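Below is one structure, written out as structure tokens, with a few remarks after it.
Bear in mind that the values in this text are calculations on the coordinates, not laboratory data. Computed from a predicted model, the values in this text were never measured in an experiment. FYI the Cβ positions are ideal-geometry reconstructions off the backbone, even for glycines, and counts take in every protein chain you see.
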Amino acid sequence: MNIFYALSEGRGRLTETNLSAFAAFLLAPNKPHGFSSAFLQAFLTEVAKCSGGPERFSAAMSHPLLNVEVGLEKKYDKLVSRIVNIEIQLMTGDGDSQQTVHHIVIENKVKAGAAQTQQLAEQFACISEANRNLPTPITVVLLTPPGEAAALRAEFDALTGC
């Protein structure tokens, strides 16, 4: 299923903001959509396959005390001020012993013209700086419409070396 096509079939306008809200709703296991964690698990399985590490999230997702927080339009004011479309934190443990074991950052671009070459790298740097005392893996996901746009490729490629 191509979510960009599905959401743009109606008469409404497809924006990054409403696409982010829709995706965050589906990714949050505690929301009243009826999927529980199935959508999140399917999404993370696909992300893990695409990143070359099919077991990337397995330990966290199978942990008996897994807690998932999905944030929408989260602002980081560290090195530079950046807003992350969607941030997923996978946390394990209970109460005071709970710890974040993985950050997944999702940036979506409805149009190639919205690409900003350094945006993903700066978001990664902000999250890394905010969590420098708790070294936690960070996975950055760039959702784009179908096709190969040079500007979007440049934005994603700027992550190399982060």
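Scoring 121-127, 93-99 by mean Cβ neighbours within 10 Å over their residues and listing the highest first yields 121-127, 93-99.
Residues whose amide H lies under 5 Å from that of Val140, counting only those 5 or more places away or on a different chain, are Val105; hydrogens are built 1.01 Å from N in the peptide plane. Were the residues from Thr17 through Leu134 laid out at 0.36 nm apart, the gain over their Cα-Cα distance would be 39.2 nm. Taking amide H as placed 1.01 Å from N in the peptide plane, the amide H of His102 sits under 5 Å from that of Leu90, each at least 5 places away or on another chain. Protection proxy ranking for 47-53, 21-27, using the average of other Cβ atoms within 10 Å per residue and placing the highest first: 21-27, 47-53.
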